[in-house]
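As structure tokens, the structure follows; a few thoughts come after it.
The values are calculated or read from the model by the stated rules, or taken from the named source; none is laboratory data. Keep in mind the model is a prediction, meaning the values are calculated, not measured. A quick note on method: Cβ atoms are made from the backbone with ideal geometry, for glycine too, and the neighbour counts reach across all protein chains shown.
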Amino acid sequence: MSDVLQGKVRDYTPATDTASVELVHHGIIESWLDGIPIHPAVDRSFLVHGADINLQVPDPNRLTEAIIVGSGAGVTAVSRSSSAGVVTTQTGRTVIATGAGGAGSASITFSPAFVAVPTLTASADNQLPVTIGGLTVSGATISITGGPANGNVYVSWQAQGH
């Protein structure tokens, strides 16, 4: 018999296909696990910082044998109050298909849309330079150059604003 625990992705490492996970909702304060393998059926594009995931463990005393068996939606939105009003943070992950020259772009959509144009940061898994264009309250375009010819580049992004 095995247990299923809930957690949040704190980092995904494509080179080893593992993730760092913070365990939540089970009574251990700030418990992190590094190098957790991911079941082949889990879509890697959903493994963004802050994404909800499910971990399967043989029993609660063998956390180091955990495996990620499920993930939440590809976009996570969190709101918090501040002196400037409600600040919303959305995170997501997208794949950019590259052409023969190694360049490509993808459109992302903020759901829900922001009230004002947010601040957007993006990072490619393979450390390629990322360009952000067409930033609006409802989305943006993320572009890369210097990628693999006719390949895929995975990009994580975070938008924050009102």
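Filter the range 132-156 for residues that are under 18 Å from the mean Cα position of the chain (by Cα) and either over 20 Å from T13 (Cβ atoms) or assigned to a loop (DSSP other than H, G, I, E, B) (or both) and give the result.
The answer is I132, G139, A140, T141, I142, S143.
Taking the residues in the range 64-89 that are closer than 12 Å to A159 by Cβ and modelled with pLDDT under 60 as candidates, determine which candidate is surrounded by the fewest Cβ atoms within 10 Å (Cβ to Cβ).
The selected residue is V78.
Which of the residues that make up the range 40-64 are over 16 Å from S20 (Cβ atoms) and free of Cβ contacts under 8 Å to residues at least 40 places away in the same chain?
If the condition is that a residue be over 16 Å from S20 (Cβ atoms) and free of Cβ contacts under 8 Å to residues at least 40 places away in the same chain, then P40, A41, D43, N61, R62 are the ones that fit.
For the range 92-131, how many residues are in contact with a Gly (Cβ under 7 Å, 6 or more places away or on another chain) and not in a loop (DSSP other than H, G, I, E, B)?
9
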